[in-house]
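Before I ask anything, here is the structure I am working with.
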């Protein structure tokens with residue numbers, strides 16, 4: 001019997017030593033696909049090389065489930081994550097993200113004011129619109145009304161399976177002016193109006209979850225139109241796919257870097273954030289991936305044929321800035337209604 | 001003698017240990033999920049002063065209690081409580097967080113609260129607080145079933161609120177469709193493997209096991225490639241001039257059922273094959289020599305003996321199909337998603353673990369119920385047969 005106890009004791013010590021010795025590398029969670037590829041080339045590798053440290057990557061698909069689980073169990077396995085604005089605000093209020101010591105970010109005065117948050121540093125401006133396969137239609141779709149017009153443009157259309165963005169698109173298609181979208185959507189009649197618009201394409205809707213799916217489906221002809229991030233579509237186009245992005249009335253939003261509370265490499269993570277907030281790395285990122293910079297000096301460093309594909313300058317003249325505040329308040333009720341609509 | 005008894009006890013303990021550990025690891029997560037579904041400690045701990053006066057107190061007493069709770073609250077805990085309350089009414093989150101930030105400046109009277117934000121004058125916010133600050137909550141169960149208290153001790157269901165019940169029914173329907181199809185395809189294959197020539201049996205077995213060992217994700221993606229608009233099947237049919245326009249074979253019920261059937265086929269074939277292997281060929285020969293035809297021999301001698309395998313295989317497939325998530329998500333449309341999809345959705349997108357737990361409990365209850373009915377029917381069937 002005592003032998004058994006010895007074995008148990010020894011293996012217990014071995015296990016605890018193994019855990020203590022297991023120092024993990026700087027761990028970065030990104031959105032996968034060519035978005036993360038570009039981040040790796042412009043940000044992760046140059047930063048890690050300059051510091052002489054290793055890094056690990058993982059994928060993140062939005063929401064706060066992973067970060068919340070890490071905080072609740074005390075087992076924080078990420079040091080950096082690229083989050084959308086609403087999740088950043090929610091997570092910040094609930095203490096899931098570290099507060100950013102802004103005095104450590106030397107370029108803060110060069111950043112777009114929308115990029116400055118208590119717990120996050122805005123890094124990437126994203127255009128949310130829709131795309132089509134140029135080989136499918138002789139006449140190109142022009143605006144949101146066309147996206148919802150199944151007579152002019154018959155076939156399946158893909159949207160992300162949540163009310164965010166989609167309800168705004170529906171109101172824009174229904175003729176609501178860009179400046180009025182969130183005011184209308186805050187009223188019950190406005191919500192009815194948006195869902196009525198979606199009723200028109202109900203039989204042709206297909207849901208995507210990962211940002212890479214619209215590209216795959218449009219290229220394979222599984223859907224004829226799909227809402228998408230501009231970056232994915234324009235990169236695919238550069239790789240030879242016959243895809244086009246519709247810039248008219250797109251919605252632009254900002255993705256930010258945040259540090260999960262209690263992250264092991266918090267200091268390195270902060271240095272990383274300071275590095276990616278500089279103008280030059282952002283220019284390199286925008287050259288690789290057509291998303292806009294948050295450093296206002298970056299646009300001047302980029303060639304015109306790159307700027308024309310970014311959610312910046314001329315492209316944002318008729319665009320809508322995504323309201324995180326609206327969605328933080330209304331997400332629960334509208335998600336419930338959306339799920340209800342989707343399962344009818 | 002005493003020593004021998006002690007040793008025997010130790011042996012028994014050692015033998016029972018794996019079972020106990022298994023039960024513990026099996027029951028613990030189940031109980032955690034079940035308690036999550038009614039647990040309301042986030043809200044209860046936040047509003048302890050208010051919970052004492054929320055039913056009977058005067059408006060000013062309630063206001064004073066709320067302000068006291070807000071002053072005492074930790075900012076992070078309050079944000080979590082506010083997120084939970086926002087599930088009941090849009091905007092409650094920002095109302096509570098804003099009030100919490102300025103709590104020390106708000107006069108602890110109803111007038112003071114309303115002067116700070118006029119929404120505190122609306123009864124609906126106080127009603128929501130009153131309903132949701134007990135240590136235990138049924139609101140997730142009410143939302144999942146769609147039945148809400150009507151105020152007179154009864155329950156009513158509003159139109160459209162039965163969404164999760166409808167999804168539960170859809171989950172059972174899809175699982176049934178898949179089970180039937182799996183048995184229809186699996187039975188002949190198992191028969192071929194059990195009674196065919198050795199070479200045929202080997203081929204069938206290799207194919208079944210090979211797909212059994214391949215990841216679900218790979219097999220599901222393969223069906224997407226096969227069935228998509230310009231996929232292999234559509235291209236083949238078009239090149240053979242059987243159809244002129246591609247058929248919609250994926251992102252609908254057809255694609256879901258086909259892919260799930262393929263993924264689950266080995267779970268039906270293996271148990272049926274196992275039972276078929278034990279049936280002596282001489283029985284069929286005897287039946288034939290006594291004058292029964294091929295069909296009658298199969299129906300009266302062979303088939304009844306394989307029913308045990310069919311029940312085990314079909315039952316396994318059905319239970320596994322009920323919990324499917326990734327295959328319908330990749331091959332189905334909006335109206336083919338099963339309950340697991342919504343459980344994942346609640347955990348990942350809205351951080352609502354209460355609803356996720358309730359839906360899990362629903363799914364688990366359903367499995368237990370169906371298993372109970374199934375084994376009841378089987379016992380009845382067997383006792384009937386025994387009586388002959």
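The values are calculated or read from the model by the stated rules, or taken from the named source; none is laboratory data. Because the structure is a prediction, the values reported are computed rather than measured. Note that each Cβ is placed from the backbone with ideal geometry, even for glycine, and that neighbours are counted across all protein chains shown.
With (1) closer than 30 Å to residue B:307 by Cβ; (2) surrounded by 12 or more Cβ atoms within 10 Å (Cβ to Cβ) as the list, and residue B:222 as the residue in question, which single condition is left unmet?
Going through (1) closer than 30 Å to residue B:307 by Cβ; (2) surrounded by 12 or more Cβ atoms within 10 Å (Cβ to Cβ) one by one, residue B:222 breaks only (1).
If residue B:193 satisfies all but one of (1) within 30 Å of the chain's Cα centre (by Cα); (2) more than 28 Å from residue A:216 (Cβ to Cβ); (3) buried (at least 19 other Cβ atoms within 10 Å of the Cβ), what's the number of the condition it fails?
Status for residue B:193: all satisfied but (1).
In the stretch B:154-172, which residues are farther than 16 Å from residue B:359 by Cβ and within 13 Å of chain A (Cβ to nearest Cβ)?
Across the stretch B:154-172, the qualifying residues are B:158, B:159, B:160.
Something else: Which of the following residues is out of contact with any strand residue (DSSP E or B) (no Cβ under 8 Å at 6 or more places or on another chain), surrounded by 19 or more Cβ atoms within 10 Å (Cβ to Cβ), on the phi > 0 side of the Ramachandran plot and assigned by TED's automatic domain parsing to the domain that holds residue B:251: B:351, B:322?
Criteria check complete, one pass: B:351.
Count, please, the residues in the stretch B:227-264 that happen to be out of contact with any helix residue (DSSP H, G or I) (no Cβ under 6 Å at 6 or more places or on another chain) and away from chain A (no Cβ under 13 Å).
So the count comes out to 10.
Take the residues in the stretch B:315-336 that are in a loop (DSSP other than H, G, I, E, B) and more than 14 Å from every other protein chain (Cβ to nearest Cβ), then tell me which one is farthest from residue A:205 (Cα to Cα).
B:323
Of the residues B:121, B:146, which single one is away from chain A (no Cβ under 14 Å) and surrounded by 13 or more Cβ atoms within 10 Å (Cβ to Cβ)?
Just one listed residue meets the conditions, B:121.
For the stretch A:307-336, how many residues are surrounded by fewer than 17 Cβ atoms within 10 Å (Cβ to Cβ) and either in a helix (DSSP H, G or I) or within 14 Å of another protein chain (Cβ to nearest Cβ) (or both)?
Count: 3.
Name the residue that is surrounded by the fewest Cβ atoms within 10 Å (Cβ to Cβ), counting only residues in the stretch A:89-106 that are more than 13 Å from chain B (Cβ to nearest Cβ) and in contact (Cβ under 8 Å) with a residue 60 or more places away in the chain.
A:101
Restricting to the stretch A:147-168, name every residue that is over 18 Å from residue A:341 (Cβ atoms) and in contact (Cβ under 8 Å) with a residue 60 or more places away in the chain.
The answer is A:153, A:154, A:155.
Further question on the same structure: Counting just the residues of the stretch B:337-347 that are at the interface with chain A (Cβ under 10 Å from one of its Cβ atoms) and modelled with pLDDT of 90 or more, which one comes out surrounded by the fewest Cβ atoms within 10 Å (Cβ to Cβ)?
Checking each candidate, the answer is B:344.
Got a sec? Which of B:62, B:93, B:76, B:89 is surrounded by 20 or more Cβ atoms within 10 Å (Cβ to Cβ) and either within 14 Å of another protein chain (Cβ to nearest Cβ) or within 35 Å of the chain's Cα centre (by Cα) (or both)?
B:93
If you check residue B:67 against the conditions, is it farther than 16 Å from residue A:325 by Cβ, assigned to a helix (DSSP H, G or I) and free of Cβ contacts under 8 Å to residues at least 40 places away in the same chain?
no
This table checks each residue for (1) surrounded by 15 or more Cβ atoms within 10 Å (Cβ to Cβ); (2) touching a helix residue (DSSP H, G or I) at 6+ places or on another chain (Cβ under 9 Å); (3) within 14 Å of another protein chain (Cβ to nearest Cβ); (4) part of a strand (DSSP E or B).
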| position | (1), (2), (3), (4) |
| --- | --- |
| B:6 | no, no, yes, no |
| B:10 | no, no, yes, no |
| B:17 | no, no, yes, no |
| B:23 | no, no, no, no |
| B:28 | no, no, no, no |
| B:32 | no, yes, yes, no |
| B:44 | yes, yes, no, no |
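Sticking with this structure for a sec: Name the helices (runs of 4 or more DSSP H) wholly inside the stretch A:136-210 in which the number of residues that are within 14 Å of chain B (Cβ to nearest Cβ) and loosely packed, with under 14 Cβ neighbours inside 10 Å is 3 or more.
A:188-199
For the stretch B:364-380, give me each residue that is in contact (Cβ under 8 Å) with a residue 40 or more places away in the chain and closer than 12 Å to residue B:30 by Cα.
B:364
Has the stretch B:100-112 got any residue that is free of Cβ contacts under 8 Å to residues at least 60 places away in the same chain, within 14 Å of chain A (Cβ to nearest Cβ) and surrounded by 18 or more Cβ atoms within 10 Å (Cβ to Cβ)?
yes
Follow-up question, since we're still on this one. Determine whether residue B:343 is in a helix (DSSP H, G or I) and touching a helix residue (DSSP H, G or I) at 6+ places or on another chain (Cβ under 7 Å).
Judged against the criteria, residue B:343 is a match.
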